[in-house]
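Before any comments, here is the structure.
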Amino acid sequence: MNNDLFDFNQALPIINEDTEFFPLMSQEDEEEMNNEQTPEILPILPLRNTVLFPGVVIPITVGRDKSIKLIKDAYRRDKMIGVVSQRDVAVEDPAFDQLNQVGTLALIIKMLQMPDGSTTVIIQGKQRFRLNQEVQSEPYIKATINKFEETKNKVDKEFKAMVASVKEMAMQIIQFSPNIPSEAGIAIKNIESTSFLINFISSNMNADVPVKQQLLEVTNLRERAKMVLEHLTGELQMLELRNQIQSKVRTDLDKQQRDYFLNQQLKTIQEELGGNSPDLEIENLRVRAAKKKWAKEIGTHFSKEIEKLGRINPAAADYSVQINYLELLLDLPWNEFTRDNFDLKRARRILEKDHYGLDKVKRRIIEYLAVLKLKNNMKAPILCLVGPPGVGKTSLGKSIARALGRKYVRMALGGIHDEADVRGHRKTYIGAMPGRIIQSLKKAGTSNPVFVLDEIDKVGSDFRGDPSSALLEVLDPEQNNAFYDHYVEMDYDLSNVMFIATANSLSTIQPALVDRMEVIEVNGYTIEEKIEIAKQHLLPKQREQHGLKPNQITIKSNVVEKVIEDYTRESGVRGLEKKIGGLVRGIATKLAMEEEHSSAVTKADVEVFLGPPVFDKDLYEGNDVAGVVTGLAWTQVGGDILFIEASLSPGRGKLSLTGSLGEVMKESASIALAYLKAHAGDFGIDYRLFEQWDVHVHVPAGATPKDGPSAGITMLTALTSAFTQRRVRPNLAMTGEITLRGKVLAVGGIKEKILAAKRANIKEIILSKSNQKDILEIKEDYIKDLKFHYVTEMTEVINLALTADKVKNPVDLKVREQPATVLN
């Protein structure tokens, strides 16, 4: 309710042609209403911020689920409900004992479904009642009620004068309140019933819910009229005082308006005498343009645009648009470059200090600097760092910028769907802006920054365009010297920008976009590399963030190794940093609570601070069972080992595959079985076994989806072991793709797979000969305990993987004799 006496939209609800009631009630209507029989049990509707009086019609908006259910049920039956205000308006779902004891019997006149989805109900009060006892609480409250008996009132001259004063005072308040329509006064003037008059004014006057509830509970009409008169008297005095204040304020405002107009005239005179006028603003733009180092065609374009600005009325909306456009042209760093630092030894030191490992990336950066130093003019390469999360792809951009002495800019591409984010909007549109490429260069203030395009593999597309296609021009060294932004409407040279894109996978990037970039794989770290990264970078960073000094916490290499193996499973070090942060917080808590502790974190402290180990080591499980072979797999968080299980059962040669296998992996199993059937004699297998024994291949962790061709040789070995019952060489793992011709092809993710094998205490690994080059890129110290077998044919795999010995308790694979067919 507003600050005025009446809310007329509540007092006189909208009446359409289907509504058969009027908001004003005659004396006869009131007598008939009082004589109506009161129900014994009523559904009770709690009201939060209003009180319903007998005879009064009000609209209410129903929002609670219980209330909507109550209204719909009552509307389908007799349309009678009990309306009671709740004692505490803050309670969302009031119970029976949280309601006032006196309420009003109401008739639902109409139920309306509003456009915003809410339900509005028009109700009319009938009689007062008193709550007796709760009958039900769900789905809404029902209660027994007693009729609220009012005391008889003696009508004398004093009472008539009091009622007349109430009506007159209400009319005066309406006159003093400009927000209340004049129809309210007409309504009050035409009310004949004294009781309804008091109820109507009580319902619509500016009073709180407790005051109105108190009026509802007064049994004597004379007392109620007296209370209403007292409230109206105070309200009238407040309105008179408010009108006096508003009159005085209006006089002060008139004076302020007069001063404002005089100041505006004075400002105009000052501008005419050489103050800050639009002409002076245009002149300032010309002065700034004279200092720019842009090309001749850009200067010509700017001159045309500034002349256009001079023809626009400063009061027009286009004036500010043109001003913003010209200021952008002036803020862009046309032909402004930072000087590159060609101290290659310094650059190498910076890269080595900021990042441990990543030798391939560092070597490529040094090569770029060397060529740039010799030629002093080179199109910047477009590097794309691809690798799992947390390996330092984004932070590497900062180190490159520091090594080169260039500005650093980062643009996050994850989730971008609008092409205008890259190319900008045409400046004729309302709210037009340049693309984020141009905005980033404006922010950098130079035309040759190190520009990191983060998460380029997560760019989306929809009806607003394809941002990845727009990036083709940005990332093409042959085209980006004339990048066209829709807002700038001029070619901008991006060929001096060193773009570095980062991605977790190339599979979701357009092939045309990948073709324009130089892809550098940033593989996961070995355990030894993670230990060094933790000691050199992660621990000092976390120590500083948690306010500890170097002598207050030390973590030895064996403790870091335990954290890596038992609490993280990732290629990068992001999760490792969080766990080290947990150790630092544990020591910080001990210091803050002044508890006795050692600054050296032990293995026992790790489980105290971080809890029990999260991951178990994937250990080799032995070779006592035929058909179980250890394979190597690549995942998004690094390498892993898996076990391929093959078992045989009497049947008709059916092949079953389980373990959430993808289509490629299922095809590998089919190829392996087909090859084994075709070369059964080479491995000493009776070909008739394939027709009389069913084959079941399973890959454990059945809930985890698996796909890819790298398990081909593992499946072939498992099937051969099952059909020959030969033992698999101990501590052996393998990975490689197979073909029907018996070839073993190369697969990816070799470094991650080798690291997983080492964690699982694998000693020998079988790989395709084509993968030998991947092993050469791994430091010898990390693989000194591993022995590699490089193969090209499947027969080599079987000869290396299987021994001549049979497994313990071998399955007796016999060929069942088929019954002879008798022809009559």
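All of the numbers you see were taken from the coordinates with simple rules; none came from a lab. As the structure is a prediction and not an experimental result, all values here were calculated from the model. In this analysis, Cβ positions are derived from the backbone assuming ideal geometry, glycine residues included, and neighbour counts consider all displayed protein chains.
Taking neighbour Cβ counts within 10 Å as the exposure measure, how do 262, 471, 239, 800 sort from fewest upward? Please report the intermediate quantities before stating the final value.
Values: 262 10, 471 27, 239 19, 800 16.
Sorted ascending by nearby Cβ count, the order is 262, 800, 239, 471.
Take every Cα pair under 8 Å whose residues are at least 6 apart in sequence, average their separation, divide by the length of the stretch 289-350, and the relative contact order is 39 percent.
With Cα atoms as the point set, the stretch 553-698 shows a radius of gyration and Dmax of 24.1, 77 Å. Fully extending the segment from residue 155 to residue 307, taken as 0.36 nm per residue of separation minus the present Cα-Cα distance, adds 46.1 nm.
Note on the stretch 303-451: the alpha carbon radius of gyration divided by the globular reference 2.2 N^0.38 Å gives 1.34.
With the charge dipole of the chain set up from +1 on Lys and Arg Cβ and -1 on Asp and Glu Cβ about the Cα centre, the Cα lying farthest toward the positive end among the listed residues 325, 540, 505 is that of 540. Ordering 795, 809, 762 by the projection of their Cα atoms onto the charge dipole of the stretch 746-816, which places +1 on the Cβ of Lys and Arg and -1 on the Cβ of Asp and Glu, puts 809 at the extreme positive end.
Other residues with beta-carbon under 11 Å from the beta-carbon of residue 768 carry, at +1 per Lys or Arg and -1 per Asp or Glu, a net charge of -1. Measuring between their Cα centroids, the stretch 789-808 and the stretch 451-511 lie 49 Å from each other. Angle of helix 359-375 to the longest C-alpha principal axis of the chain, folded into 0 to 90 degrees and rounded to 10: 90°.
Here 240, 594 are placed in order of increasing Cβ neighbour count within 10 Å, fewest first, which gives 594, 240. Write down the percent of antiparallel bridges among all DSSP beta bridges whose residues are both part of the chain, to the nearest 5. Of the beta bridges lying entirely in the chain, close to 60 percent run antiparallel.
Got a sec? How would 77, 128, 688, 569 order by Cβ neighbour count within 10 Å, fewest to most?
Details: 77 10, 128 23, 688 15, 569 18.
Fewest-to-most ranking of 77, 128, 688, 569: 77, 688, 569, 128.
For the chain, the relative contact order is 7 percent, taking Cα pairs closer than 8 Å that sit 6 or more residues apart in sequence and dividing their mean separation by the residue count. Taking Cα atoms only, the orientation of helix 194-204 departs from the longest principal axis of the chain by about 30 degrees. Taking a straight Cα-Cα cut-off under 12 Å and skipping sequence neighbours fewer than 8 places away in the same chain, the aspartates and glutamates within cross-link reach of residue 784 are 764. Treating each Cα of the stretch 628-806 as one equal point scatterer and applying the Debye formula with no solvent, the log10 of I(q)/I(0) at q = 0.12 Å⁻¹ comes out as -0.51.
Compared with the dominant principal axis of the Cα atoms in the chain, helix 157-176 is inclined by about 50°.
Site pair residue 233 and residue 287 shows an inter-label distance of 7.2 nm when each label is modelled 7 Å from Cα along Cα→Cβ.
Computed over neighbours whose Cβ is under 11 Å from that of residue 738, the net charge equals -1, Lys and Arg +1, Asp and Glu -1.
So what's Rg/Rh here for the stretch 105-214, counting alpha carbon atoms and using the Kirkwood radius for Rh? Working shown, then result.
Numbers: Rg = 18.1 Å, Rh = 17.4 Å.
Using only Cα positions, Rg/Rh for the stretch 105-214 is 1.04.
Eigen-decomposition of the gyration tensor built on the alpha-carbon atoms of the stretch 543-591 gives equivalent ellipsoid semi-axes of 20, 11, 9 angstrom, largest listed first.
Straight-line cross-link reach from residue 189 at under 19 Å between alpha-carbon atoms covers these aspartates and glutamates, not counting any fewer than eight positions away in the same chain: 4, 7, 28, 29, 30, 168.
Relative protection proxy for 655-663, 430-438, 49-57, 519-527, from highest mean packing down: 49-57, 519-527, 430-438, 655-663 (other beta-carbon atoms within 10 angstrom). Could you pull out the pairs from 292/442; 66/110; 360/743; 530/603; 308/427; 549/578 whose alpha carbons sit more than 22 Å apart here? Checking Cα-Cα distances, 360/743 exceed 22 Å.
For the stretch 527-610, the equivalent ellipsoid derived from the Cα gyration tensor has semi-axes of 20, 13, 11 Å, listed largest first.
Please list, by residue number, everything in the stretch 194-228 whose backbone N is under 15 Å from a paramagnetic label point 7 Å out along Cα→Cβ of residue 38. In the stretch 194-228, the label zone of residue 38 (backbone N under 15 Å from the point 7 Å along Cα→Cβ) covers 216-220. By DSSP, what percent of the beta bridges with both residues in the stretch 344-521 are antiparallel, rounded to the nearest 5? Counting only bridges with both partners in the stretch 344-521, antiparallel ones make up about 15 percent. Summed over qualifying helices (DSSP H, 4 residues or more, each -39500 (n - 2.57)) and divided by its residue number, the chain shows a 222 nm mean residue ellipticity of -13000 deg cm²/dmol.
Separation of the alpha carbons by more than 27 angstrom is noted, of 293/362; 535/590; 362/779; 375/779; 147/167; 677/769, for 293/362; 375/779; 147/167.
Shown here: Cα Rg over 2.2 N^0.38 Å, derived from the displayed model; of the candidates (1) 1.41; (2) 1.21; (3) 1.51, it corresponds to (3).
Mind ordering 583-590, 83-90 by average Cβ neighbours within 10 Å, highest first? Intermediate results must be reported in sequence, preceding the final value.
Details: 583-590: 18.9, 83-90: 16.8.
The most tightly packed comes first, giving 583-590, 83-90.
Kirkwood hydrodynamic radius of the stretch 51-135 from all distinct Cα pairs, in Å? Provide the component values of the computation, followed by the final result.
Details: mean 1/r = 0.0741 Å⁻¹.
Taking every pair of different Cα atoms in the stretch 51-135, averaging 1/r and inverting gives 13.5 Å.
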